[in-house]
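The values are calculated or read from the model by the stated rules, or taken from the named source; none is laboratory data. Note that the structure is predicted; figures quoted are calculated from it, not measured. Backbone-built Cβ (ideal geometry, glycine too); neighbour counts: all protein chains shown. What goes into the accessible areas is simple: the full protein's heavy atoms, side chains included, and nothing from ligands, DNA or RNA. Shrake-Rupley method; radii C 1.70, N 1.55, O 1.52, S 1.80 Å.
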Amino acid sequence: MFGKSVTKVVQDCILDSGIQAKVVAEMINKPYSTLMREINPFDSSAKLGAETLLDIMKVTKDTRPLKFMAAEMGYSLETLKNGTSNEYRMNYSEQYDAAEAS
């Protein structure tokens, strides 16, 4: 039997959030039927995009999908200290822009 997929983890993230899936769909500005297809691990024709995944994690405040993906790649995550997320985001943007320029 196959192990869990990232799609199943995202589905669990929404179902366990205590927020109705229709409300999650509204909050991320996605049609409910589209969201349900994208988080269905048995629907191979609908794909969940990275931006939608990020929006889902922000709305549900659940990082299990991110942790699952990191573990699949052999990494682990750590929480940034209070107030450092904006600093990290700006630093990363500068590094990314410099790499793109060269």
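Here are the numbers:
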{"quantity": "Cβ pairs under 7 Å, 6+ apart, first in the range 24-53 and closer than 17 Å to residue 4 by Cα, second of a type in the set (Lys, Arg)", "calculated": "38/47; 41/8; 43/37"}
{"quantity": "Condition met for residue 35 (modelled with pLDDT of 95 or more, surrounded by 14 or more Cβ atoms within 10 Å (Cβ to Cβ) and in contact with a helix residue (DSSP H, G or I) (Cβ under 9 Å, 6 or more places away or on another chain))", "calculated": "yes"}
{"quantity": "Residue satisfying all of: in the range 1-14; without any contact (Cβ under 8 Å) to a residue 40 or more places away in the chain and not in a helix (DSSP H, G or I); farthest from residue 70 (Cα to Cα) among these", "calculated": "1"}
{"quantity": "All positions within the range 46-76 that are over 9 Å from the mean Cα position of the chain (by Cα) and open to solvent by 90 Å² or more (accessible area, probe 1.4 Å)", "calculated": "47, 61, 67, 72, 73, 75, 76"}
{"quantity": "Those residues of the range 15-32 which are open to solvent by 80 Å² or more (accessible area, probe 1.4 Å) and assigned to a helix (DSSP H, G or I), in sequence order", "calculated": "15, 22, 26, 27, 32"}
{"quantity": "Matching entry among 91, 86, 82 (being open to solvent by 50 Å² or more (accessible area, probe 1.4 Å), assigned to a loop (DSSP other than H, G, I, E, B) and at pLDDT below 95)", "calculated": "82"}
